[in-house]
Structure formats: C-alpha cells, structure tokens
Amino acid sequence: MALDRPLVGEPLSLDLLDTTWMDRGSIQDLLEDHEVLSWGHTRPVVGRDGPGSVSTVDDRNRRAGWLAAVSYVELLTDDPSRIRRCAHPECVLYFYDTSPKRSRRWCSMAGCGNRAKAARHYARSRR
Ligand SMILES: [Zn+2]
C-alpha cells in the first residue's frame, strides 16, 4: 500500500524522525504497516568467522531508515517493556533499560538523574 507521506525528500535525519503524521484526522504510522521493512532484507551467512548475516537494502538512501526500523522491531520482539521514557518531566527521550532490576529511570544519570537529585535537594532545603 502506498502512503501519501508529507515532506517526501527531506534530509535523511528528518525522515528518521517523521515516521508518523496526521492524515484527515487519523494518525498514520510508517512503521506500523511494515512498508519501511519491505525496503530490505537480511539473509544468514556462514563465513570464516562463523555464522552471521548480510543485510541488503534496495535503495542506499533508505538504508538508515530500514536499519532503524529493523532495530525497533528487534527491541519490540525481545522485550518491549524495557523501552521506557525518561522519568524527568522536562525530558522527551526514551531509552532501553538493560539494568538487572529494570529500575533505570533516567535517560542519563549525569543529566536528568542529577537534575532530579538537585531538584529534590533544593525542595528539602526550602522547607
Ligand atoms: Zn532524560
């Protein structure tokens, strides 16, 4: 199924971000119908270094998008509950929680984790 996607021909970096858009009041998701996934394929190989795989994408300009979609599907297949949004209220980032206890809260402890810690300290000192 061909999609009437707006903003065709934008720089690749924006194509990777713009996988969803509104069309006549309903959200369209380029990843949902796997169109993006049909741009390439992976086949198993066995070489001197052992088993592996080779990926082929029909159009090299679509390779980054295809790889991003394949990676997302792998994360969803492996354990979608580990895909989490940063707990900082001003942060919009997502991360893949690989911590043993699944307790990671921040996209970055050095960034959002420390900002939250500083905010808690400031709130306690104002009491
Ligand atoms: Zn964050």
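Restricted to region 31-127, the set of strands (runs of 3 or more DSSP E) holding at least 1 residues that are within 16 Å of the ligand (Cβ to nearest atom) comprises 83-85, 94-96. Evaluation of Tyr72 against the conditions (1) without any contact (Cβ under 8 Å) to a residue 40 or more places away in the chain; (2) under 16 Å from the mean Cα position of the chain (by Cα) shows that the sole unmet condition is (1). Hey, does region 17-24 have a residue that's of a type in the set (Ser, Thr, Tyr), touching a residue at least 12 places away in the same chain (Cβ under 8 Å), open to solvent by less than 70 Å² (accessible area, probe 1.4 Å) and in contact with a strand residue (DSSP E or B) (Cβ under 6 Å, 6 or more places away or on another chain)? Checked against the condition, which is being of a type in the set (Ser, Thr, Tyr), touching a residue at least 12 places away in the same chain (Cβ under 8 Å), open to solvent by less than 70 Å² (accessible area, probe 1.4 Å) and in contact with a strand residue (DSSP E or B) (Cβ under 6 Å, 6 or more places away or on another chain), region 17-24 yields no hits at all. When the criteria are applied in full, Arg43 meets the requirement of being over 27 Å from Leu14 (Cα atoms) and either touching a helix residue (DSSP H, G or I) at 6+ places or on another chain (Cβ under 9 Å) or open to solvent by 90 Å² or more (accessible area, probe 1.4 Å) (or both). Scanning region 57-83 for residues that are open to solvent by less than 60 Å² (accessible area, probe 1.4 Å) and out of contact with any helix residue (DSSP H, G or I) (no Cβ under 8 Å at 6 or more places or on another chain) turns up Ser71, Asp79.
The values are calculated or read from the model by the stated rules, or taken from the named source; none is laboratory data. Keep in mind that this is a model prediction, so the values were computed, not measured. Here Cβ is always computed from backbone atoms with ideal geometry, including for glycine, and neighbour counts include all displayed protein chains. In case anyone asks, the SASA skips ligands and DNA or RNA and just uses the protein heavy atoms, side chains included. Shrake-Rupley method; radii C 1.70, N 1.55, O 1.52, S 1.80 Å.
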